[in-house]
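A short worksheet on the structure shown next.
The values are calculated or read from the model by the stated rules, or taken from the named source; none is laboratory data. On a predicted model such as this, the values are computed, not experimentally measured, just so you know. No Cβ is skipped: glycine too gets one built from the backbone with ideal geometry, and neighbour counts run over all protein chains shown. These area figures cover heavy atoms from the full protein model, side chains too; ligands, DNA and RNA do not enter into them. Shrake-Rupley method; radii C 1.70, N 1.55, O 1.52, S 1.80 Å.
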Protein chains: 4
Amino acid sequence: MKAVILGISGYTGMILLRMLADHPEVKEIIPVSSSKPGEKIIEIDPGIGKAVMEKTNASNNCTVEISHAITRKPDVVFAALPHLTSAVMCEPFFGNSVVIDLSADLRIKDPALFQKAYNAPTPAPHMLEKAVYGLSEIYENEIKKADVIANPGCYPTCILFPIIPLAAKNLIEGTIISNAASGISGAGKKATIGNLYVERTENMCAYLPGKTHRHYTEMKKEIDSFDSSIDLFFTPHLVPIKRGMYATSVVSLKSNVSAETVENAFNEYYANKKFILLKGGTLTETRDVWGSNRCDISWQIQDGKIILFSAIDNLIKGASGQAVQNMNLRFNFDETAGLRLYGEL
Amino acid sequence: MKAVILGISGYTGMILLRMLADHPEVKEIIPVSSSKPGEKIIEIDPGIGKAVMEKTNASNNCTVEISHAITRKPDVVFAALPHLTSAVMCEPFFGNSVVIDLSADLRIKDPALFQKAYNAPTPAPHMLEKAVYGLSEIYENEIKKADVIANPGCYPTCILFPIIPLAAKNLIEGTIISNAASGISGAGKKATIGNLYVERTENMCAYLPGKTHRHYTEMKKEIDSFDSSIDLFFTPHLVPIKRGMYATSVVSLKSNVSAETVENAFNEYYANKKFILLKGGTLTETRDVWGSNRCDISWQIQDGKIILFSAIDNLIKGASGQAVQNMNLRFNFDETAGLRLYGEL
Amino acid sequence: MKAVILGISGYTGMILLRMLADHPEVKEIIPVSSSKPGEKIIEIDPGIGKAVMEKTNASNNCTVEISHAITRKPDVVFAALPHLTSAVMCEPFFGNSVVIDLSADLRIKDPALFQKAYNAPTPAPHMLEKAVYGLSEIYENEIKKADVIANPGCYPTCILFPIIPLAAKNLIEGTIISNAASGISGAGKKATIGNLYVERTENMCAYLPGKTHRHYTEMKKEIDSFDSSIDLFFTPHLVPIKRGMYATSVVSLKSNVSAETVENAFNEYYANKKFILLKGGTLTETRDVWGSNRCDISWQIQDGKIILFSAIDNLIKGASGQAVQNMNLRFNFDETAGLRLYGEL
Amino acid sequence: MKAVILGISGYTGMILLRMLADHPEVKEIIPVSSSKPGEKIIEIDPGIGKAVMEKTNASNNCTVEISHAITRKPDVVFAALPHLTSAVMCEPFFGNSVVIDLSADLRIKDPALFQKAYNAPTPAPHMLEKAVYGLSEIYENEIKKADVIANPGCYPTCILFPIIPLAAKNLIEGTIISNAASGISGAGKKATIGNLYVERTENMCAYLPGKTHRHYTEMKKEIDSFDSSIDLFFTPHLVPIKRGMYATSVVSLKSNVSAETVENAFNEYYANKKFILLKGGTLTETRDVWGSNRCDISWQIQDGKIILFSAIDNLIKGASGQAVQNMNLRFNFDETAGLRLYGEL
């Protein structure tokens, strides 16, 4: 099993590297960096371990050009690249390797919707039909047969898991009011003043509310596929945590929907799902999932409304972890291989 | 002008001490501590300055018993004490001094509502009629004549300022879905495991959602006084910031309410209010108000809904600062005396 | 392999639980809590995983009394209890199980020294001769045969690793000036005002400098055992990090000691040590070892002095991780079993 | 009184703006930005207050070009610009206005030393003789007559205050081993990956130890001017705090120097100094000086060595605050005008 990582120097690329180093089925990792080919990976990440060194041996523990990666005929390619670049860079791998794209490039099938959300044409229109949306626990069967997987965004991952069972079983109505907060790593490893320590510590703010964030489009089309009568208002926030994401969503239950019906919906939908922890009325915290691939879900019902709470690690279940989980599903490996079931103190 | 502070060792008591030290009209401060009378105030707060020392000279720069404070016939008493204790401790001062109670004891006029929210009888029923709710910019005229002021809670202060102009002018309908996040100082200076640095840093969670937090009751009765047809769902969160509070509230505008009508409502309601900063569509951040007595308000309208953003320093406008502002109003001082108009980097 | 953890609700106890859950050789974990026997372990740690549940099955996933643990005849006992309590509670296990004591009770063989540092008599004088100091990489041979292991303190672990090779080979002289900083978890899971989030975030201070901290005694006796002519001045600090420890130590090199001699000393001493990472002149950071059992060491030589930099995770290599490593050594398991070689982003 | 600030968009420029807005003697502030002339200052700092607006009225509350500032004939110019640029930009103001340079350009009188530390020729050699080193409490008399003031670096400010009285009175000998830690704002408002929130939160490291940091040169020449027999080893660290600096320095006392002699030295040297707080054996914390212009000093003597602890706010006493204090001294204003004597909770 040979795996390529495109975009090794970003946060999600680096975490993919660590996860694949721990993965029992991956024997070789080919780390690609367009900006700094030939750089020692220990320079990029001084905390890296021995397993990484062994599995990157074939490229002398250095990053390589993408052209080199193509010649190595990898089994799987993880694209941890910016939107609009990612699917383009994957072009030589389509048809030859399983491609798992962590960007938004292949998530939205309708080119007009993509254009509206990203203010640019969809970059790989010919692959849209093939691409499977990689929300692992929802599209498990499709992922098992997919050669192109569009890994979901972090906000959609966190917000959709509690919503989908209720939408799928027609238990809710009206507008979902969803407030979510992201750790700062969600902005990526980019040198900007706005994400300096001094700007973000001990500070909180909202941004791009209502229907203006790109992930709104991604979520709305998913919810539509289960119940198109439901609307969504979504406000993301930045909070001073390094990694983690929390969503609080409020929506009206249809009349006559009982607490038991809700509980059954969750239990049926996520029976035997190792990475979904249903906590019932006990509220979740982001640290419970720090470093793990879990999504923890809590809920409370009051006055005909349900309040949904969900927490993920934005870099794991919200990005690199779900990507590895999708690889596990696709190649029929143990679903938990290379992944952690519990968080870090 | 002689001022008593009851509960000097808590966060709000300590900040009152610093603010009154800077206040040009307060000549003497009498710091009361029931738990540790006779303690040097520099032991409680090593960062304290010379002005504090000068104004606490009469008590030898030490805390005193409440019995001593009574004999000093203060002009004003700030009670920074726990709920259910506060109004009881103020008993000897009622009628003799202006009392500004930072606890919830005098905020809710209906004893049944108080009982429900606090699971105890209202502690000073004979004062409820006299007590004025101290939301400074809303009840300025009443505060100017009040001898007992019930200083509002931090969540109500943050959430009500953007809501009241809309409710008062009948511009909104349905249920307000309000999500708010508080800095950890909101929990007070109490030794608990839940508020240890290790438990709260890099961690976020919700608590007491919907209609279960005590401040729900305080907010609902206020909103009712302007438009009782509006309902409220409120979910507080804890985020790892020391001080600061952020609220994001979503509610439907009545049909035919234009953006201009909304803007006019805010502008009229808060014309000449020095501590309310209307930022229109530019979203606010908590650090903008760190250390200041301001409430910053932003809003955006989409699809018939208005999203309201408000930020305060929970210890200042949400507690001690608003208390000093209320004293300024009551004694006809410059409204900004002892208070800061802008935050700290 | 049956393992008992005494003191399951503290930070080190909880991390031991998670590590042993991942450990391939440990089949059963018996979690003891004197304060709350019978409590569900998922209540203590909601982030806990499936492996923990399986291995605590025999006690119904609940904490048990110590009396119950004794009857289970464990192979190994980890005592994660406060000083002066720990060795006393271990009494029934001495002679029957391998005991790994994470407290200071068995670290200092000289009762007079213990009395001076801890202001109390050494609690288990009869075990002092048997107890081996568990600085894993230094006392590997002794640990392999030990039935009682005194797990080192966090500051000694961090500071001694770079010092011992230099002292052992007689390369340094005079007084070591060591400054170290600890994450707040070093203070344990105790409800105190001093360790509240509000008190510690964005704040730094020193405490117990020179020769006044208890760990001074532990370090000095170790250094003495290699070269008693060397003196030590040690100042610990608190910095706002949850976990992690950093030490910067300065000492004079003997004349004629070359950079090469120093490098050789480190390389020889730590050849094939998987948990010691020698970084030469590249300075280390605490996050490189977050969650890992490594101690990273850097050094620079200027003007006849050597500056030593070392970093550990205070809860892992500084406590629970080194305890598990000592178990691995003692029972001849793979030294890295249950432990992580690299940190977390 | 007209004041120019060069470099308004950096952290020190912005804080100067806020301080001068509060300053009773400054009637007009001319904010200069070379990178973004014409920008609204409220865009740079949304938390800015009314006083700032009033005092920048003459430039329409916008930043201006330096050429415009020259025509306004300011009384005082604060240069908050990068090293090597600062003194060059001040050229048109020398001789016409009092210039307070916050950069290192005028701190080191010996061009060879400057070249060595900054790897570039000293940028304004003709001004070196005129420039007075602005360590306010030490060079008060010189500052009162100076037309060019070289404002000290943050590390020198923090470390020198406790050292100078001891060196001046010949109480110490040998090498001072000084460890200091800076808040992240010390790196300025520059977009770099190394200072992103994700890179710095929950992380600590050392950098440029021994004699390699530029501030070493600045400190050594100062210490030399009091006692050139004393050497210095200095290791700076980065800790996850936004603002604040802490220094722990260890040095040998000369034989026969008593604790009383030391205490007298501090008391005499800093008698009546409002911004130096001598705390004796009580250790200081950085939060005590957050936002204030104080330097807090503690010390302990053990075994013939003295351990010195000092704390400042790196942006205030370590930069903008000391600059305003120097203006106050030079223009014979109240030394505390525009400055805070105590910190923020």
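Converting phi to 3J(HN,Hα) with the Karplus coefficients 6.51, -1.76 and 1.60 and the offset θ = phi - 60°, segment A:170-180 yields 6, 9, 10, 8, x, 9, 7, 9, 10, 10, 9 Hz in sequence order, with x at every glycine or proline.
Accessible surface of segment B:196-308, 1.4 Å probe: 44 percent of it comes from carbon and sulfur atoms. Take D:Arg72, push a point 7 Å out from Cα through the beta-carbon direction, and compare it with the same point in every other copy: 4.6, 5.9, 7.4 nm, smallest first. Computed from point charges on the beta carbon alone (+1 for Lys and Arg, -1 for Asp and Glu), the dipole magnitude for segment A:269-345 about its Cα centre is near 160 Debye.
Taking each DSSP H run with n ≥ 4 as -39500 (n - 2.57) and averaging over every residue of chain C yields -8000 deg cm²/dmol at 222 nm. The residues of segment B:236-253 occluded by other protein chains by 30 Å² or more of accessible area, set against the chain on its own, are B:Pro240, B:Ile241, B:Lys242, B:Arg243, B:Tyr246, B:Thr248, B:Val250; surface from heavy atoms, 1.4 Å probe. Burial of accessible area (probe 1.4 Å, heavy atoms of protein chains only) in segment A:275-308, relative to its chain alone, reaches at least 30 Å² for A:Leu283, A:Glu285, A:Thr286, A:Arg287, A:Asp288, A:Trp290, A:Gln302, A:Asp303, A:Lys305, A:Ile307. DSSP bridge analysis restricted to segment B:1-88 gives an antiparallel fraction near 10%, rounded to the nearest 5. Seen through its C-alpha gyration tensor, with square-root eigenvalues sorted a ≥ b ≥ c, the protein assembly as shown comes out rounded because a/c lies under 1.5.
Let me know the charge dipole size of segment B:1-63 about its Cα centre in debye, to the nearest 20, where only the beta-carbon of Lys, Arg (+1) and Asp, Glu (-1) is charged.
Around 60 debye, computed over segment B:1-63.
A straight Cα-to-Cα reach below 16 Å connects D:Lys27 with the lysines D:Lys2, D:Lys50, D:Lys55, D:Lys73, residues fewer than 8 places away in its own chain not being considered. What separates the C:Thr336 label point from its copies, with the point 7 Å along Cα to Cβ, is 2.1, 6.1, 6.3 nm, written shortest first.
Segment A:Asp110..A:Asn96, full-extension length gain: 2.5 nm, with 0.36 nm per residue of separation and the alpha-carbon distance subtracted. Counting only the Cα atoms, segment A:267-330 fills a convex hull of 93 Å³ per residue.
Computed over the Cα atoms of segment B:212-345, what is the ratio Rg over Rh, Rh following Kirkwood?
Ratio of gyration radius to Kirkwood radius for segment B:212-345: 0.97.
Comparing mean-square fluctuations of A:Ile48, A:Ile66, A:Ile100 from a GNM of chain A with C-alpha springs under 10 Å, the top value falls on A:Ile48. Taking amide H positions as modeled 1.01 Å from N, with prolines and chain starts lacking one, the residues under 5 Å from A:Ile241 and 5 or more places away or on another chain are A:Ile184.
Remark on segment A:209-225: accessible area falls by at least 20 square angstrom from chain-alone to full-complex state for A:Pro209, A:Lys211, probe 1.4 angstrom. Checking the cross-link pairs B:Lys36/B:Lys242; A:Lys254/B:Lys109; D:Lys36/D:Lys317; C:Lys169/D:Lys305; A:Lys242/D:Lys273 against a 30 Å limit on the alpha carbon distance flags A:Lys254/B:Lys109; A:Lys242/D:Lys273 as lying beyond it. Taking the DSSP bridge list for segment B:180-285 and keeping only pairs wholly inside it, about 60 percent are antiparallel. If R0 equals 41 Å, the separation of the Cβ atoms of B:Asp334 and D:Asn272 corresponds to a calculated FRET efficiency of about 0.80.
Note on segment C:60-136 and segment D:247-303: Cα centroid distance 42 Å, given to the nearest whole angstrom.
Could you tell me the calculated FRET efficiency between B:Asn141 and B:Glu263, based on Cβ-Cβ distance and R0 = 22 angstrom, to the nearest 0.05? According to the calculation, E is roughly 0.35. Quick check on segment D:145-185: take the gyration tensor over C-alpha atoms, sort the square-rooted eigenvalues as a ≥ b ≥ c, and tell me if it's rounded (a/c under 1.5), prolate or oblate. Because a/c hits 1.5 or more and a/b fails to exceed b/c, segment D:145-185 counts as oblate. What number comes out for the charge environment of A:Pro156, summing +1 per Lys or Arg and -1 per Asp or Glu over other residues with Cβ under 11 Å away? Spelling it out: positives minus negatives among the neighbours equals +2.
When chains A and D come together, the accessible area they lose, probed at 1.4 Å and totalled over both chains, is close to 1700 Å².
Straightening the chain between C:Ala168 and C:Glu25 buys 48.0 nm, computed as 0.36 nm per residue apart minus the Cα-Cα spacing.
Once a ≥ b ≥ c are taken as the square roots of the eigenvalues of the Cα gyration tensor of chain C, is the result rounded (a/c under 1.5), prolate (a/b larger than b/c) or oblate (a/b not larger than b/c)? Note, shape of chain C comes out prolate.
At a probe radius of 1.4 angstrom, the accessible area of segment B:223-345 per residue rounds to 28 square angstrom. Using the Cβ-Cβ distance between C:Ser228 and C:Ile301 with R0 = 35 Å, the FRET efficiency computed as 1/(1 + (r/R0)^6) comes to roughly 0.90.
DSSP assigns beta bridges within chain A; of those with both partners inside it, close to 45 percent run antiparallel. Summing Lys and Arg as +1 and Asp and Glu as -1 over all other residues whose Cβ lies under 13 Å from the Cβ of B:Thr71 gives a net charge of +2.
GNM on chain C, alpha-carbon springs under 10 angstrom: the most fluctuating residue among C:Cys62, C:Cys158, C:Cys205 is C:Cys205.
Note on segment B:9-103: with neighbouring protein chains present and a 1.4 Å probe, carbon and sulfur make up 52 percent of its accessible heavy-atom surface. By the combined test of axial Cα extent (at least 18 Å) and Kyte-Doolittle hydropathy (mean at least -0.5), the qualifying DSSP H helices of chain D come to D:154-168. Here is how far apart the B:Gly174 label points are across copies: 0.7, 7.4, 7.5 nm, shortest first, using a point 7 Å from Cα toward Cβ.
In segment B:46-108, Cα pairs under 8 Å separated by at least six residues give a relative contact order of 30 percent.
Structural descriptor for chain C: relative contact order 17 percent, calculated from alpha carbon pairs under 8 angstrom and at least 6 residues apart.
Based on C-alpha pairs under 8 angstrom that are at least 6 apart in sequence, segment A:1-83 has a relative contact order of 44 percent.
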